[in-house]
1. Could you list all residues from segment B:29-59 that are more than 16 Å from ligand 1 (Cβ to nearest atom) and not acidic (Asp, Glu)?
2. Using the structure shown, decide if residue B:106 is within 19 Å of residue A:186 (Cβ to Cβ) and either of a type in the set (Phe, Trp, Tyr) or away from chain A (no Cβ under 11 Å) (or both).
3. Quick one: in segment B:8-19, of everything that is within 14 Å of chain A (Cβ to nearest Cβ) and either open to solvent by less than 40 Å² (accessible area, probe 1.4 Å) or touching a Phe, Trp or Tyr at 6+ places or on another chain (Cβ under 7 Å) (or both), which residue is modelled with the lowest pLDDT?
4. For segment B:192-206, which positions are away from ligand 1 (no atom under 16 Å from the Cβ), surrounded by fewer than 24 Cβ atoms within 10 Å (Cβ to Cβ) and not in a helix (DSSP H, G or I)?
5. Could you check, for segment B:115-130, whether at least one of its residues is away from ligand 1 (no atom under 16 Å from the Cβ), touching a residue at least 40 places away in the same chain (Cβ under 8 Å) and either more than 17 Å from the chain's Cα centre (by Cα) or within 10 Å of chain A (Cβ to nearest Cβ) (or both)?
6. Is it true that residue B:95 is within 14 Å of chain A (Cβ to nearest Cβ) and more than 30 Å from residue A:286 (Cβ to Cβ)?
7. Conditions first: (1) over 20 Å from residue B:32 (Cβ atoms); (2) outside any helix (DSSP H, G or I). Residue B:165 passes all but one, so which condition is the exception?
8. For residue B:209, are the conditions met, namely being in a strand (DSSP E or B), away from ligand 1 (no atom under 16 Å from the Cβ) and within 22 Å of residue B:83 (Cβ to Cβ)?
Amino acid sequence: MADILQILILGLALGGVIALMGSGLSLVFGVMRIVNLAHPSLIIGGAYVTYWAFKMTGVDPIVMLPVASLIMAAIGVLLYRLMFERETKSAKYSEMTVLLTFALAMMVEGLLGGLFTNTQRVVSPDYATDAFFVGDIFIPKGQLYAGIVSLTIITALSLFLKYSRLGYAIRATTQNREAAELLGVNVNFICILAFAIGIGLAGAAGSLVSFVFSFFPAKHWEWVAMLMSVVVLGGMGSILGTVVAALMLSVIAAFVGTWIGATWSTLTFFLALFLILLVRPQGLFGEKPEMA
Amino acid sequence: MSELLQVTNITAGYGDGPAILDGAHLTVEPGKVHCIIGPNGAGKSTLMKAICGMLTIRKGDVIFKGKRLNGMRPDQILREGICFVPQERALFPKMTVRENLRMGGFILDDKKELERRIEGILERFPILRERADQHAGTMSGGQQQTLAMARTLIIKPTIVMLDEPSLGLAPKIVQEMFDIMKMMSAEGVTVLLVEQNALMGLKNSDWGVVLDLGRTLFEGPAADVLADPRIQELYLGGKKAA
Ligand SMILES: Nc1ncnc2c1ncn2[C@@H]1O[C@H](COP(=O)(O)OP(=O)(O)OP(=O)(O)O)[C@@H](O)[C@H]1O
Ligand SMILES: [Mg+2]
């Protein structure tokens, strides 16, 4: 029983971080229909920002999180204006963004590799190697903090989307771009904003990832499949779906990892992706794909 | 002439594509109901999109209260008081009825006033109050169209453009939509309507506009359009106007 609780807690904490990693991807797809394959590479960008800040000044990764997030958000604005803004009217927009972001992912990887080498890095604040003990159960502080911070950020994001004026505009643009424009929403501004928030979330996730996982520039290939399965299971564009899917898959992966073997644990995500696409392509909370 | 909106021989199209409208004109008088008729693909929807700023006007003018609207963005034209309800898909399906109404007042800065106006709308349309917290996408076609039309009233518009509000609705519900339209008109809102059923549209209107191949063929009092033998032949199925 304690075993099960232990695995469950570890799965949930990690699931929280994965949810944050996926939420920016989901938001950007929802609002702009951009399948951002470069999202995980930008998370690694955020992790490097956090790593170097820690190495040079000793600043705590969680304290660094808002800064990394803002830096990545600013990069997001530049990327959007450079790569996507002109293309929005193109009929092949969605297909094109897949190729564009694939190229971007490789460029980011190459750039990070050139700057920081391909050595594995990890940020090690004191709590990263410490744990709480509750009876027989041990909870690594690093994962617990990262999970809590992630879920707090996602809650804040959800409240922003649900209640603020800009949140209304973002949701409206997601659901019906033309109608939003007709009601006075400046959809181009909303796209820039949503993209900045999405990449800002990648930066925030990067700060947390920096002490939860070890990372190197090419690590994003592992994550892209994992995040895709989370976002597809949740229903492309649904933040709530992303969170539920991340927690679910992460817990399943934790059980698979313990009971069957660690190598099978990552396979959980890929198998899930495959099965969802076969059985329910719109995911848990997504809409049926339009048959246009 | 005391026209409110004057569209003179405009040319417009989508992106860099061919001109869809070429020689479309239109006169809108305050407080009246105007009906645009014409076959599928004539450019009726395109004309409305051009007026509300969603398409670039390449030639010609759109003058509203003496002011040129060409080149203005949709949000600017909305602020001038022209509201457009597109053919189908006017709503946010995963927002509640109340949230949809809030979006209707997106350009209003005074939040209290917005909530007051939403209350007013819910007062007048009991079906919307009943469904206030339901997702718009889960309502019936008629209820959705009611919401789309009611939503325009939030900003107290001068002109409301309705693109085929009767599309896909049962005849009884269609009558309800026309009743709402008449109520809007009675309150002083100027209505510009596109209607597939030319007879029904013209009978409920003061002014008729016949559009074909992107050009205005004829415009005049709705009764004249109904009586015109050529138009009866082409668009009214040869039926005698009652
Ligand atoms: N988004 C678009 N991009 C390119 N061409 C378009 C677009 N929308 C419409 N068209 C073209 O413009 C022409 C006029 O279309 P429009 O929708 O204005 O006609 P309509 O009179 O409203 O017809 P309907 O009665 O079927 O609604 C058509 O040839 C159509 O193919
Ligand atoms: Mg049309």
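1. Of the residues in segment B:29-59, the ones more than 16 Å from ligand 1 (Cβ to nearest atom) are B:29-33, B:59.
Residues satisfying the conditions are B:30, B:31, B:32, B:33, B:59.
2. Here the answer is yes, as residue B:106 does meet what is asked.
3. B:17
4. B:204, B:206
5. Scanning segment B:115-130 turns up no residue that is away from ligand 1 (no atom under 16 Å from the Cβ), touching a residue at least 40 places away in the same chain (Cβ under 8 Å) and either more than 17 Å from the chain's Cα centre (by Cα) or within 10 Å of chain A (Cβ to nearest Cβ) (or both).
6. Taking the combined requirement at face value, the residue does not satisfy it.
7. (1)
8. Values: in a strand (DSSP E or B): yes; away from ligand 1 (no atom under 16 Å from the Cβ): no; within 22 Å of residue B:83 (Cβ to Cβ): yes.
The answer is no for residue B:209.
The values are calculated or read from the model by the stated rules, or taken from the named source; none is laboratory data. Source: prediction; values computed, not measured. Every residue, glycine as well, gets a Cβ built from its backbone with ideal geometry; the counts of neighbours run over all protein chains shown. Quick note on the areas: whole protein, heavy atoms, side chains included, nothing else; ligands and nucleic acids left out. Shrake-Rupley method; radii C 1.70, N 1.55, O 1.52, S 1.80 Å.
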